[in-house]
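Heads up: the structure comes next, in structure tokens.
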Amino acid sequence: MISRVSLCPHGPEVSRLVYGTWRVLDDTDTATTESLLKRLHTCLELGITTLDTAEIYGLYKVEEFLGQTFKKEPGLREKFEIVTKCGIYVPCEFHPDRKVAHYNATAARIVKSAEKSLRLLGTDYLDVLLVHRPDWLTSADETAEGLNKLLKEGKIRHAGASNYNVHQFDLLNSRMDQPLVTNQIEFSLLHMDPIYDGTADQCQKLGVKPMAWSPLAKGALMDSSNPAAVRLHVKAAELSHKYGGATLDQLAYAWIMAHPSHCLPIIGTNKLERLLATAKSADIKLEREDWYGLWEAAQGQSIP
Ligand SMILES: NC(=O)c1ccc[n+]([C@@H]2O[C@H](COP(=O)([O-])OP(=O)(O)OC[C@H]3O[C@@H](n4cnc5c(N)ncnc54)[C@H](OP(=O)(O)O)[C@@H]3O)[C@@H](O)[C@H]2O)c1
């Protein structure tokens, strides 16, 4: 059973692995409420109770799809913690007037987006609302005003950020009535920036667990034309027996979870059998030399 953890000292309880919904409308054979319902039940059986979504997913259609799926089973929504995001606006069928993709983290826009998320998801609270990306044109005071208003009204229980650098996170945090509970960042064996750029260290300092998006590098980890992925496959084959037959994807999730920031990988598969297989990764405790061995295989060189 996947364990439960506190996202931060004052934060919500979440599951150690999170199920991501970015791609749920991508494949015609799995883009049905019946198929998603099956995966949601599998999540619950495994102990994955935290769902990640966003206003923009599926070009603004995923939240509604999730809401339709929840509607099929009264009480289902309450079994999950919902993390959603707002702030990215791109030209789409709902807004023919919108010509240029842009970020908007103004107070009014955040409130409007969160209220739309509540309506589409068919719920009266969001467990966590993240600002999807830093909006360079909006002050931290202005962004915090929107988040603080939603917190005060109980429409969101917690607020956080995504893709914020250390300074942006610090700044927004300094304007919040209630501290930010996570920074959702890209982190995988093929994208290690967070361990070099200070974001993972900042999370440790604040006791805030980051969430890792694209933990398999959007599937590139399984791409046999990618030299780093090929080296990682060789390394995973070498380690597999020691870790009970673990596969590269399981080792890749375990590699992320081993980082002392206690990062939470967000699983992106639409395949039931792959979702089931993720559970094993939470039991893998990588030994030091094996963690560095995977780092070495990914980088194609030894540590400096
Ligand atoms: N905050 C942000 O800016 C941000 C950005 C991107 C994503 N996210 C979040 O992060 C979540 C995960 O991102 P992601 O979908 O890119 O994750 P990922 O795990 O890196 O990639 C998932 C993709 O890899 C494929 N894949 C190939 N082999 C796989 C295997 N053995 N196991 C699992 N998947 C395999 C999947 O295809 P199949 O479906 O066929 O298995 C799927 O297309 C998203 O759903 C979203 O919630 C957040």
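Below, the figures for the structure above:
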read-out	value
Sole residue being open to solvent by 20 Å² or more (accessible area, probe 1.4 Å), out of contact with any helix residue (DSSP H, G or I) (no Cβ under 8 Å at 6 or more places or on another chain) and not basic (Lys, Arg), chosen from Thr138, Thr106	Thr138
Output for the stretch 45-69, where each listed residue is farther than 23 Å from Ala279 by Cα and not β-branched (Val, Ile, Thr)	Ala54, Glu55, Tyr57, Gly58, Leu59, Tyr60, Lys61, Glu63, Glu64, Phe65, Gly67, Gln68
Candidates Thr28, Thr69, Thr84, Thr53 - the one that is open to solvent by 10 Å² or more (accessible area, probe 1.4 Å) and among the polar types (S, T, N, Q)	Thr28
Identity of the residue in the stretch 219-237, touching a residue at least 12 places away in the same chain (Cβ under 8 Å) and open to solvent by 60 Å² or more (accessible area, probe 1.4 Å), that ends up nearest to the ligand (Cβ to nearest atom)	Met222
Index of the failed condition, Trp213 passing every other in (1) open to solvent by less than 30 Å² (accessible area, probe 1.4 Å); (2) of a type in the set (Phe, Trp, Tyr); (3) out of contact with any helix residue (DSSP H, G or I) (no Cβ under 9 Å at 6 or more places or on another chain)	(1)
Selection count where residues are open to solvent by 40 Å² or more (accessible area, probe 1.4 Å), in contact with an Asp or Glu (Cβ under 9 Å, 6 or more places away or on another chain) and more than 14 Å from the ligand (Cβ to nearest atom), scope the stretch 143-170	3
Members of the stretch 68-97 found to be within 15 Å of Arg119 (Cα to Cα), more than 15 Å from the ligand (Cβ to nearest atom) and touching a Lys or Arg at 6+ places or on another chain (Cβ under 8 Å), listed by number	Phe70
Tabulated pairs, the stretch 149-163, first within 16 Å of Arg175 (Cβ to Cβ), second part of a helix (DSSP H, G or I) and open to solvent by 40 Å² or more (accessible area, probe 1.4 Å), C-beta under 8 angstrom, 6+ apart or interchain	Ala161/Gln168
Ser302 vs. criteria farther than 20 Å from Ser3 by Cβ, among the hydroxyl-bearing types (Ser, Thr, Tyr) and either open to solvent by 30 Å² or more (accessible area, probe 1.4 Å) or touching a Leu at 6+ places or on another chain (Cβ under 9 Å) (or both)	yes
Of residues in the stretch 110-128 being assigned to a helix (DSSP H, G or I) and among the aliphatic types (A, V, I, L, M), the one surrounded by the most Cβ atoms within 10 Å (Cβ to Cβ)	Ile110
Check on Ile266, under 20 Å from Leu17 (Cβ atoms) and either at pLDDT below 95 or within 11 Å of the ligand (Cβ to nearest atom) (or both)	yes
Flag for Ile56 being modelled with pLDDT of 95 or more, within 15 Å of the ligand (Cβ to nearest atom) and under 20 Å from Thr30 (Cα atoms)	yes
Condition met for Lys271 (among the basic types (Lys, Arg) and either farther than 19 Å from Leu294 by Cβ or away from the ligand (no atom under 12 Å from the Cβ) (or both))	yes
Residue satisfying all of: in the stretch 31-48; among the charged types (D, E, K, R) and touching a Leu at 6+ places or on another chain (Cβ under 8 Å); surrounded by the most Cβ atoms within 10 Å (Cβ to Cβ) among these	Arg39
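The values are calculated or read from the model by the stated rules, or taken from the named source; none is laboratory data. These numbers come from a predicted model, not from an experiment. Note that each Cβ is placed from the backbone with ideal geometry, even for glycine, and that neighbours are counted across all protein chains shown. Please note that ligands, DNA and RNA were not included when accessible areas were found on the heavy atoms of the full protein model with its side chains. Shrake-Rupley method; radii C 1.70, N 1.55, O 1.52, S 1.80 Å.
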